[in-house]
Amino acid sequence: MVKERARILVVGGGYVGMYTALRLQRKLKRELRQGAVDITVVTPDPYMTYQPFLPEAAAGLISPRHVVVPLRRVLDQCHVVIGEVTSIDHEKRTATLTTLATEEGGPVEQAAYGELVLAPGSISRTLPIPGLAEHGIGFKTVEEAIGLRNHVIEQLDIASSTRDPAIRDAALTFVFVGGGYAGVEALAELEDMARYATRYYHNVRPEDMKWILVEASDRILPEVGEEMGRYTVTELRRRGIQVLLETRLDSCVDRVAVLSDGQRFPTRTVVWTAGVKPSPLLAATDLPLGERGRLACTPQLTVDGTEHAWAAGDAAAVPDVTAAEPGTLTAPNAQHAVRQAKLLGDNIVHTLRDEPLETYAHKYVGSVASLGLHKGVAQVYGRKLKGYPAWFMHRVYHLSRVPTFNRKARVLAEWTLAGLFKREIVSLGSLEHPRAEFELAAGGKPPHSPKDNPKGSS
């Protein structure tokens with residue numbers, strides 16, 4: 001039994017935050033009913049995004065609302081606060097946070113806690129590349145995925161309606177920077193979608209489009225192994241996609257992508273997926289940081305040398321006790337994050353009940369990646385798969401991992417319907433500025449005039 005009221009603060013509502021809170025909610029049912037435990041989850045969004053489904057959402061194969069899990073429904077025994085923690089004073093056991101009310105003039109809040117779970121996740125790792133901030137498009141959130149889908153379809157509309165060859169060429173050139181999961185899957189799914197969409201444009205053909213993948217290292221998809229990475233390069237090039245290895249983006253000023261090998265591509269689309277870095281919140285705490293700015297953690301998922309502080313996922317440098325080489329850390333991916341979160345929840349319960357802690361030990365079993373409809377690569381338990389079997393395994397695996405039966409059923413239903421009917425290729429870019437039409441009718445100025453920001457620009 002928990003001896004006294006325990007206040008648990010979970011910072012972040014992503015994989016680790018949601019799964020940890022869910023585990024605590026299930027393990028502490030009696031204590032929650034008795035009021036002996038209080039669990040608060042602070043998150044910028046009222047939902048958890050299942051990021052492996054973002055490429056399929058961008059391609060229109062899954063509805064965006066089925067890529068996210070509503071936290072208030074899943075964590076019905078927790079206090080979900082929509083806001084952001086800006087700093088943490090662990091010595092005093094307090095966190096400073098801003099909420100939606102703060103933006104409306106309300107006070108900055110202070111949250112006291114007994115146990116802290118730090119799971120703020122990561123943000124895009126950008127470089128000081130000229131023009132990137134003005135013209136680049138990210139691919140970490142469902143909003144960015146759907147915005148990119150709208151953008152790609154709008155580029156086809158622009159190319160179809162213009163007689164200017166320069167505008168047409170720029171509209172039909174799509175540059176993706178980063179050869180990891182996000183970059184390869186997003187490019188492959190969107191190219192597949194755009195190729196299909198061209199059948200409805202009388203003057204745009206698939207071969208008119210240029211799809212370019214820029215990767216600074218000498219391989220892509222390192223998670224699926226070197227052999228499957230080479231196969232992916234071959235498969236993408238067979239589809240007419242340019243894969244440029246050991247190449248960097250030097251500039252995208254004036255909508256011209258300038259690469260380190262001297263090539264220049266006028267383009268209206270530069271998608272940045274070149275890695276992530278830990279949340280800036282970690283630097284605003286008094287907790288010890290380890291490799292690459294992540295929290296130094298123990299195999300029990302406690303913050304090293306600190307009591308009552310826990311971390312996992314992207315924000316944590318967790319030792320891999322299954323690795324042969326000492327000092328190896330677990331990879332910051334979803335597979336580890338979900339499993340770490342469950343153990344983290346268990347260990348907090350063990351702490352509250354004065355029980356010994358468990359050690360996180362999970363051997364990485366492999367990876368799967370989609371390369372468009374019915375195409376994929378996989379390496380699982382040492383076995384290599386490609387084509388349809390890998391694509392099918394990708395879907396089965398992620399369907400089994402997406403949280404809640406409700407979401408599993410909805411995603412499966414959408415996949416079934418997508419197999420029976422044609423793709424939807426409608427752009428709903430106006431959703432990004434829903435008041436623009438009314439403001440114009442009321443005599444105001446729309447947020448972005450066509451002259452300043454042509455429809456479909458990034």
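The values are calculated or read from the model by the stated rules, or taken from the named source; none is laboratory data. Everything quoted here is computed from the prediction, not taken from an experiment. Reconstructed Cβ throughout: ideal geometry from the backbone, glycine too, with neighbour counts over all protein chains shown.
Every residue, every condition in (1) surrounded by fewer than 19 Cβ atoms within 10 Å (Cβ to Cβ); (2) of a type in the set (D, E), yes or no:
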residue: D250; (1), (2): yes, yes
residue: A257; (1), (2): no, no
residue: R264; (1), (2): yes, no
residue: V276; (1), (2): yes, no
residue: A312; (1), (2): no, no
residue: A315; (1), (2): no, no
residue: T322; (1), (2): yes, no
residue: L329; (1), (2): yes, no
residue: L343; (1), (2): no, no
Would you check if there is a residue in the range 202-216 being at negative phi, under 25 Å from the mean Cα position of the chain (by Cα) and aromatic (F, W, Y)? yes
Name the pairs whose Cβ atoms lie under 6 Å apart, with the first residue in the range 366-394 and farther than 20 Å from L54 by Cβ and in the same structural domain as V184 (by TED's automatic domain parsing), the second surrounded by 22 or more Cβ atoms within 10 Å (Cβ to Cβ) and of a type in the set (V, I, T), and 6 or more positions between them or separate chains? Q379/V224; K386/V377
Qualifying position, being closer than 30 Å to M228 by Cα and either polar (S, T, N, Q) or in contact (Cβ under 8 Å) with a residue 12 or more places away in the chain (or both), among A296, A309, A324, A341: A341
May I ask you to verify whether R93 is touching a strand residue (DSSP E or B) at 6+ places or on another chain (Cβ under 9 Å), surrounded by fewer than 18 Cβ atoms within 10 Å (Cβ to Cβ) and either basic (K, R) or under 22 Å from K140 (Cα atoms) (or both)? yes
Need at least 3 residues that are crowded, with 21+ Cβ neighbours inside 10 Å and in contact with a Phe, Trp or Tyr (Cβ under 9 Å, 6 or more places away or on another chain) per element, so show me which strands (runs of 3 or more DSSP E) inside the range 147-247 make the cut, counting only ones lying wholly within it. 173-177, 210-214
The correct count of residues that are over 16 Å from T49 (Cα atoms), touching a helix residue (DSSP H, G or I) at 6+ places or on another chain (Cβ under 6 Å) and part of a strand (DSSP E or B) in the range 59-84 is 0
Pairs, first touching a residue at least 60 places away in the same chain (Cβ under 8 Å) and small (G, A, S) in the range 207-228, second assigned to a strand (DSSP E or B) and crowded, with 17+ Cβ neighbours inside 10 Å, C-beta under 9 Å, six or more apart: G225/G366; G225/S367; G225/V377; G225/Q379
Name every residue in the range 98-130 that is surrounded by 18 or more Cβ atoms within 10 Å (Cβ to Cβ), more than 23 Å from the chain's Cα centre (by Cα) and in a loop (DSSP other than H, G, I, E, B), in order of residue number. Y113
Output the residue which, of all residues in the range 413-452 that are surrounded by 14 or more Cβ atoms within 10 Å (Cβ to Cβ) and aliphatic (A, V, I, L, M), is modelled with the lowest pLDDT. A436
Cross-chain or 6+ apart pairs with Cβ under 8 Å, the range 416-445 first and within 30 Å of E189 (Cα to Cα), then at pLDDT below 80 and charged (D, E, K, R): G429/K455; S430/E437
Checking K140 against (1) in a helix (DSSP H, G or I); (2) within 24 Å of S251 (Cα to Cα); (3) modelled with pLDDT under 95; (4) not hydroxyl-bearing (S, T, Y): exactly one of these is not met. Which one? (1)
